[in-house]
Amino acid sequence: MRQSDWKAVFDAAGRAALEHLDSLAERPVMPAADHATIRAALDRPPTAAGIDPARVVGDLAVDLEPYVAAQAGGRYFGFVVGGLHPASFGAELLVTAWDQNAPMFAATPGVAVAEELAAQWLVELLRLPRQSSVGFVTGGQMASFTCLAAARHEVLRAVGWNVEADGLTGAPPVTVVVKAGAHATVLRALRFLGIGERAVVTVDCDDQDRVRPDALARALHAIDGPTIAAVECGNVNTGAFDDFAAVADLADEHRAAGNPTWVHVDGAVMLLAAASPAMAGSVVGLDRLDSWSTDGHKLLNVAYDCGIAICRNAAAHRAAMSVQAAYLEQGTGARDPLDWGPEFSRRARGVPVYATLRSLGRDGVAELVERTSRLARRFADALRDSGRAVIVNEVVPNQVLVRWLARDGEHGHLADEVMAGVRAEGSAFFSGTTYRGERLMRISVSDWATDEHDIDRAVEALLRHARLAAG
Ligand SMILES: *Cc1c(COP(=O)(O)O)cnc(C)c1O
């Protein structure tokens, strides 16, 4: 490829990227097209001779762009999906242009140091123990996997078993305690770790899906030996925070009774609350636990994909993840990213975190937490005041659970009708859940770009479809 071709490709991609970003405010949030239509638009198999790169990129803008969801816009409230901070966007462009493979300092010294600093800033910002180690992974799923692998290492090491060398066959049993309704990714991580999704002790929660300390105490009292527990900073349905101080007290007692104990916190939704003085009351004791997973690509608004695994015990984290090989260049004394996550070759994923943290600033991160939470309350208040909906959760951070009220008292079907109506017209996007046997609509305000106007537009659309659906 000739040098000058970079410009043609960059211009084609840049033009398409800007057109997309400029369209976010008004484009349908979800494209109205079925699988067959999209497939027909994109089914252009490679020819024998291939095609000029700039043209292929130009084709993507025409063939694919109409079918992407406006996830980087302010009215995508489905699942828990973050937006695109401009600093992350710019950093992503550079990371792609530099094409750095980021496992080792020796391979990419600048990226390794940028990740080392981003890691340090995160630990400081989240007010976690200073010596904590950090790994940049693909998302909350792999962040929980990484932390739970460190947990598995440590609780078995404490009873003289080397799980990395000897595996789980013949190992002393490890008991894992999870909350009822624990996020699927925590159970999936246990599957990957050879512990199994079902081989867990499940502890009851209260009406906000916060773990009940009395139930956790009972569960721990019945366990003898290595123990791992998982709690949450921001439940996926209710947004609720567990009582970390109570959990930490129970873990200390359990440890004092001679049981190696590690408590992991799934903070995919709201670990960032620890950076907000206004939320300090919700995260008391968080820093007394052992590991914390979160997402860069959710509330921090780093581009997909980016997850963050943090462990108090850096030695356990490293022991679970590190790999040595003669054909690498290790032992430079600098931080090597491959010691802190399950990947080998990978993208320079920490660089957009570095850029986003610098751009937001410490106050900006706190403000992001507080603003998205305030906007969630604006949503909840407007829907409640309409008389057509009940807000099922206590709206503390940025998550809202909505029951739409049907005249016949059979409320469940209304959630799907209202969501489908709004989705089809493209004015906003919501997703649902089944919470305690009931079908509900979920709202997640996780995008820096969402403002009051977006909320009011979405509320107007929701109420219009609720009136239609309820008759
Ligand atoms: C999103 C989410 C995860 C998984 O994170 P990914 O980034 O999708 O892998 C884990 N736990 C909770 C509570 C989540 O909301």
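The values are calculated or read from the model by the stated rules, or taken from the named source; none is laboratory data. None of these values were measured; they are calculated from a predicted model. Quick reminder, even Gly has a Cβ in these numbers, built from the backbone with ideal geometry, and neighbours come from all protein chains shown. With ligands, DNA and RNA removed, areas are computed over all heavy atoms of the protein, side chains included. Shrake-Rupley method; radii C 1.70, N 1.55, O 1.52, S 1.80 Å.
For Leu60, the conditions (1) within 20 Å of His20 (Cβ to Cβ); (2) not in a helix (DSSP H, G or I) are fulfilled apart from (2).
Does Ala348 qualify as being surrounded by fewer than 24 Cβ atoms within 10 Å (Cβ to Cβ) and under 19 Å from the mean Cα position of the chain (by Cα)? No: the conditions fail for Ala348. Only a single criterion out of (1) assigned to a loop (DSSP other than H, G, I, E, B); (2) under 28 Å from Ala119 (Cβ atoms) is not satisfied by Pro352, namely (1). Could you check, for region 6-26, whether at least one of its residues is in a loop (DSSP other than H, G, I, E, B), closer than 30 Å to Val459 by Cα and modelled with pLDDT under 95? The answer is yes, given that some residue of region 6-26 is in a loop (DSSP other than H, G, I, E, B), closer than 30 Å to Val459 by Cα and modelled with pLDDT under 95.
In region 285-307, what residues are farther than 16 Å from Val369 by Cα, among the hydrophobic types (A, V, I, L, M, F, W, C) and within 11 Å of the ligand (Cβ to nearest atom)? Write out each step before concluding.
The initial filter retains those residues of region 285-307 that are farther than 16 Å from Val369 by Cα, namely 285-293, 303-307.
Pick out the ones that are also among the hydrophobic types (A, V, I, L, M, F, W, C) and you get 286, 289, 292, 303, 306.
Selection gives Cys306 alone.
For the residues Glu232, Glu253, the requirement of being within 16 Å of the ligand (Cβ to nearest atom) and free of Cβ contacts under 8 Å to residues at least 60 places away in the same chain singles out Glu232. Among residues that are assigned by TED's automatic domain parsing to the domain that holds Gly307, within 28 Å of the chain's Cα centre (by Cα) and more than 20 Å from Val392 (Cα to Cα), Val236 is not included. Within region 221-240, the residues that satisfy the criterion of being buried (at least 23 other Cβ atoms within 10 Å of the Cβ) and touching a Leu at 6+ places or on another chain (Cβ under 8 Å) are Pro226, Thr227, Ile228, Ala229, Ala230, Val231, Cys233, Gly234, Thr238. If you go through region 136-171 and keep only what is within 16 Å of the ligand (Cβ to nearest atom) and not hydrophobic (A, V, I, L, M, F, W, C), you end up with Thr138, Gly139, Gly140, Gln141, Ser144, Thr146. Of all residues assigned to region 38-54, none qualifies as being under 21 Å from Ala303 (Cβ atoms) and buried (at least 16 other Cβ atoms within 10 Å of the Cβ).
Looking at this structure, is Leu368 within 23 Å of Gln71 (Cα to Cα), in contact with a Phe, Trp or Tyr (Cβ under 7 Å, 6 or more places away or on another chain) and touching a residue at least 60 places away in the same chain (Cβ under 8 Å)? Yes. Every listed requirement among (1) surrounded by fewer than 18 Cβ atoms within 10 Å (Cβ to Cβ); (2) assigned to a helix (DSSP H, G or I); (3) not aliphatic (A, V, I, L, M) is met by Phe79 save one, (2).
Taking the criterion of being away from the ligand (no atom under 16 Å from the Cβ) and open to solvent by 10 Å² or more (accessible area, probe 1.4 Å), the residues of region 260-284 that qualify are Pro260, Thr261, Pro277, Ala278, Met279, Ala280, Gly281, Val284. The residue that is surrounded by the most Cβ atoms within 10 Å (Cβ to Cβ), counting only those in region 434-450 that are touching a Gly at 6+ places or on another chain (Cβ under 6 Å) and over 19 Å from Ala380 (Cβ atoms), is Trp448.
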